[in-house]
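The values are calculated or read from the model by the stated rules, or taken from the named source; none is laboratory data. Not measured: the values here are computed from a predicted model. A quick note on method: Cβ atoms are made from the backbone with ideal geometry, for glycine too, and the neighbour counts reach across all protein chains shown. Note: accessible area is taken over every heavy atom of the protein model, side chains too, but ligands, DNA and RNA are not part of it. Shrake-Rupley method; radii C 1.70, N 1.55, O 1.52, S 1.80 Å.
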Amino acid sequence: MAPRKNPLFDTATTLGKILVFLGVSAICGVLVAGLLVPAAAVSGSAASGSIEFFDTLPAELKVDPPNQTTRILAADGSEIASVYKENRTKVALNQISPFVKEAVIAVEDSRFYEHGGVDTTGILRAVVSTARGNRQGASTITQQYVNNVLNSNLAAEGRDEDIKLNGVNKGVGDKLREMKLAIALEKEFSKEQILEGYLNIVFFNRDAYGIEAASRFFFSTTAKNLSLPQSALLAGLVNSPSAFDPISNPENAKQRRDLVLSLMLSQGKITQAEHDAAVATPVKTKVTQPKQGCAYASSAPYFCDYVLHLLENNPAYGAELAERQRLIYGGGLTIKTTLDRNAQAVAQEQVNASAGANPDKWGAAMVSVQPNSGKIVSMAQNTRFLPAKGSFDSQVNFNVDKLDKDGNDLNGLGGAQPGSTMKPFTFAQWLNEGKSMNTVVDAAQRVYPLGFPWRNSCGQVTGGYSTEQKNQNLGTADDLQNAEPQWYRPLSVLEGLYNSINTVTFASAAQLDFCGIQKIVDATGLHGGLPADGEPNPKVNMSTLANLLGSTQTAPLTMASAFATFANDGKYCEPIAISSVTDQTGAQLPAQSTSCRDAVTPEVARGVNYALQEVLNQGSGSLIQPRISTRTSFPIGAKTGTSNNNGSTWVVGHTTGLATAAWFGDPLGAQDRSGQNITVNGKFYQGIDGYMIAGPMFSNFMSRVAPSFGTEPFPAPPSEMLYGGGGFDRGTDPAAPEEPQEPGTAPSAPAAPEPAPGSSSNRNGNGNGNNED
């Protein structure tokens with residue numbers, strides 16, 4: 001048996017209704033007293049006590065701006081993507097249709113301009129209605145605004161469980177607090193300010209907060225351009241967004257809309273003709289579903305994701321991640337990035353074309369930076385951010401590290417083995433020690449056993465290349481190999497670089513201090529892309545012999561920034577993606593700024609640039625020389641690279657104004673899939689080399705984009721660096737000319753033969769040192 005209710009408190013009985021009436025009337029008296037003080041003197045202990053009671057209620061109301069949509073922009077100001085917790089765009093009252101304002105007041109608070117925050121007449125009317133068994137609300141627009149602000153503040157603090165909803169979990173104390181805050185609000189803000197705040201904060205739909213978002217969602221228009229029928233429909237929706245939803249409940253929505261129109265007519269806000277025409281208008285929506293987040297970016301979704309991770313990892317945006325995310329996704333920020341729309345479009349086109357339909361899920365990635373600033377101008381890869389039938393989808397960014405320097409997530413792949421794109425850094429130390437690039441070394445030497453007398457002033461060199469020792473299970477690799485037998489002979493260090501000869505790299509390293517190589521690698525920003533030994537961005541340990549030929553996974557962004565050092569006359573600039581951030585008030589928040597440092601001397605940088613131009617003029621990249629037209633090229637240097645199993649292939653290069661890393665390979669799992677005897681985009685490859693797929697990506701991109709960023713001639717290196725003399729070691733090259741020549745005319749061995757289509761020249765070095773590229 002159900003427990004019997006006490007008739008004193010049962011609102012179903014006449015006695016209960018009377019008591020409720022009297023109780024609420026007492027509250028009204030308290031409120032009236034509160035409204036009149038201090039404007040009128042109050043006498044009598046009862047009134048005084050009521051005022052004291054009312055004054056003990058909290059009057060503070062922190063009116064923070066509600067959650068708003070954050071926009072991520074390209075360098076030209078165009079929108080890349082928007083992100084939000086609540087889809088809201090704030091608009092001024094004069095940017096809202098007058099029909100909206102009149103409709104909302106008519107249905108929600110007809111005495112809005114007559115009361116001081118709490119409508120005692122409305123409360124009494126609601127009490128009488130309740131006593132008669134009917135439920136009627138009495139909250140003014142100001143009270144509703146207060147309630148929305150309180151709930152918005154709770155949501156911003158992550159306290160969703162404390163949110164108070166009318167008729168659900170609100171007690172008398174909550175209602176009294178709301179009333180007093182409404183009174184306080186009216187003393188501080190004008191009616192227009194309150195109405196504007198209300199229309200911008202109120203909930204219309206889970207995808208539409210505020211009148212502007214609701215206008216765009218339901219009618220694909222702006223709040224300023226809403227018609228009378230549209231305005232009345234949205235005004236009616238506020239009371240119960242689910243019940244009066246015009247999409248799911250069009251009949252209910254029309255009845256509610258027509259009620260609003262009738263109220264507008266009876267209150268003299270519209271004419272009879274306007275009313276009749278609006279009522280005759282069918283309920284018709286034109287939904288624009290908001291697509292928020294980087295997955296729906298207009299371009300560069302992975303760059304967008306990288307930008308958000310940079311902000312989420314920045315303690316300047318909050319002490320804790322949750323605090324930072326509330327600001328980023330709800331703060332209405334405007335994030336202006338360094339992305340160049342044209343460069344991004346070309347990069348995306350090239351990576352998409354690299355593997356075609358790509359049923360085997362090979363990865364392609366390309367990223368470019370400006371050498372003199374570190375600004376990232378494009379970042380593309382050949383995957384879809386969202387799953388789609390028949391496509392290669394991935395949310396992992398192939399271009400960046402797995403973690404940032406502080407160990408925070410960047411959602412990156414962490415890179416791939418760079419192969420022979422690491423050789424220029426040994427070459428740079430060769431020049432840094434005052435040696436001539438035309439010095440001849442013994443490229444026939446293939447055995448570097450354990451115990452070889454390497455020179456290292458800051459550590460010990462590990463590893464070895466000796467088949468004999470390998471057969472003795474001493475942990476070495478096989479004898480060092482080149483891909484083709486004609487390269488086992490005396491060669492200049494310059495020839496060894498532009499033809500990518502492994503034995504030349506080792507023969508030159510045998511004359512260098514490995515500590516110097518390490519310093520150049522560190523100074524140019526090179527580091528591992530995967531965490532190791534407790535370090536999120538571990539050093540590339542050049543005391544490990546395999547790293548001379550690129551065995552440590554390195555991200556394309558890292559490689560592009562390192563090569564940019566040579567383009568920038570020896571200055572390394574850290575890569576940056578965010579130019580400015582402003583909040584919804586226009587205040588500037590911390591962004592990224594150019595940060596550069598001296599890494600190598602200008603003379604060394606110029607020497608490396610000279611050699612890298614020869615890679616394209618007559619070396620391993622001669623088939624991919626970028627050109628403005630079939631006959632016209634421009635000053636540009638690059639280096640090819642391929643891992644030992646051809647599963648990671650590269651071209652990294654630069655002009656004076658742009659540095660680009662192009663990568664093609666295996667992005668899956670342990671990245672140990674072989675790139676040999678495979679078919680890609682309908683073409684069979686015995687083995688993929690850097691120039692074959694990554695090469696055209698690089699060449700086509702740079703041909704179309706680099707001229708816009710500057711392709712001035714590189715400054716010439718010192719003549720003694722080219723040919724010896726002065727402080728440089730001329731070596732034993734008998735053919736070295738007496739005067740310097742332009743790139744492309746330096747003496748060299750016969751150029752490597754062009755590979756037949758579908759074959760592999762297999763000219764790249766990696767951890768085992770058995771390939772060249």
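Among the residues of the range 712-719, are any open to solvent by less than 10 Å² (accessible area, probe 1.4 Å), of a type outside the set (K, R) and at pLDDT 95 or above?
No: zero hits.
Screening the range 261-299 for residues that are among the hydroxyl-bearing types (S, T, Y) and not in a loop (DSSP other than H, G, I, E, B) and picking the one that is least open to solvent (accessible area, probe 1.4 Å) gives S262. For the condition on the phi > 0 side of the Ramachandran plot, modelled with pLDDT under 85, of a type outside the set (D, E) and part of a loop (DSSP other than H, G, I, E, B), what is the one hit in G765, G769? The unique qualifying residue is G769. If only residues of the range 262-275 that are free of Cβ contacts under 8 Å to residues at least 40 places away in the same chain and within 51 Å of the chain's Cα centre (by Cα) are counted, the one that is farthest from V104 (Cα to Cα) is H275.
Could you list, in sequence order, the residues of the range 231-260 that are polar (S, T, N, Q), touching a residue at least 40 places away in the same chain (Cβ under 8 Å) and open to solvent by 30 Å² or more (accessible area, probe 1.4 Å)?
Result: N239, single match.
For first residues located in the range 611-634 and free of Cβ contacts under 8 Å to residues at least 40 places away in the same chain, partners that are part of a loop (DSSP other than H, G, I, E, B) and not acidic (D, E) and lie 6+ apart or on another chain with Cβ distances below 7 Å form the pairs L616/Q625; L616/I636; S633/Q625; S633/P626. Only residues that are under 24 Å from G641 (Cβ atoms) and in a loop (DSSP other than H, G, I, E, B) were counted across the range 457-475, and they come to 3.
Residues in the range 307-327 include none that are within 30 Å of N252 (Cα to Cα), out of contact with any His (no Cβ under 6 Å at 6 or more places or on another chain), in a loop (DSSP other than H, G, I, E, B) and not charged (D, E, K, R). Would a scan of the range 700-713 turn up a residue that is more than 30 Å from the chain's Cα centre (by Cα) and not hydroxyl-bearing (S, T, Y)? Looking for residues that are more than 30 Å from the chain's Cα centre (by Cα) and not hydroxyl-bearing (S, T, Y), one finds at least one in the range 700-713, hence yes. Among the residues of the range 300-325, those identified as open to solvent by 30 Å² or more (accessible area, probe 1.4 Å) and free of Cβ contacts under 8 Å to residues at least 12 places away in the same chain are P315, A319, E320, L321, E323. When Y498, Y488 are screened for being crowded, with 24+ Cβ neighbours inside 10 Å and not β-branched (V, I, T), only Y498 passes. Can you find a residue in the range 196-205 that is within 21 Å of Q289 (Cα to Cα) and more than 38 Å from the chain's Cα centre (by Cα)? Within the range 196-205 (the criterion being within 21 Å of Q289 (Cα to Cα) and more than 38 Å from the chain's Cα centre (by Cα)), the answer is no, since none of the residues qualifies.
Matching residues to (1) surrounded by fewer than 21 Cβ atoms within 10 Å (Cβ to Cβ); (2) at pLDDT below 95; (3) among the β-branched types (V, I, T):
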| position | (1), (2), (3) |
| --- | --- |
| L57 | yes, yes, no |
| P65 | yes, yes, no |
| T69 | no, yes, yes |
| G77 | yes, no, no |
| K85 | yes, yes, no |
| F99 | no, no, no |
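For residues that are within 21 Å of P667 (Cβ to Cβ) and not in a loop (DSSP other than H, G, I, E, B), scanning just the range 517-555, find the one that is most open to solvent (accessible area, probe 1.4 Å). Filtering the range 517-555 for residues that are within 21 Å of P667 (Cβ to Cβ) and not in a loop (DSSP other than H, G, I, E, B), the one most open to solvent (accessible area, probe 1.4 Å) comes out as A532. Filtered by the rule that a residue be open to solvent by less than 10 Å² (accessible area, probe 1.4 Å), in contact with a helix residue (DSSP H, G or I) (Cβ under 8 Å, 6 or more places away or on another chain) and part of a helix (DSSP H, G or I), the range 563-576 gives F563, T565, F566.
Scanning the range 213-222 for any residue that is basic (K, R), in a helix (DSSP H, G or I) and modelled with pLDDT of 95 or more turns up at least one such residue. No other residue among S139, S129 is at pLDDT below 85, open to solvent by less than 30 Å² (accessible area, probe 1.4 Å) and either out of contact with any Leu (no Cβ under 9 Å at 6 or more places or on another chain) or outside any helix (DSSP H, G or I) (or both) apart from S129. For the range 361-408, the set of residues classified as outside any strand (DSSP E or B) and aliphatic (A, V, I, L, M) consists of L386, A388, V396, V400, listed by residue number.
Checked against (1) in contact with a Lys or Arg (Cβ under 8 Å, 6 or more places away or on another chain); (2) under 17 Å from A106 (Cα atoms); (3) touching a residue at least 60 places away in the same chain (Cβ under 8 Å); (4) aliphatic (A, V, I, L, M), A208 meets all criteria but (2).
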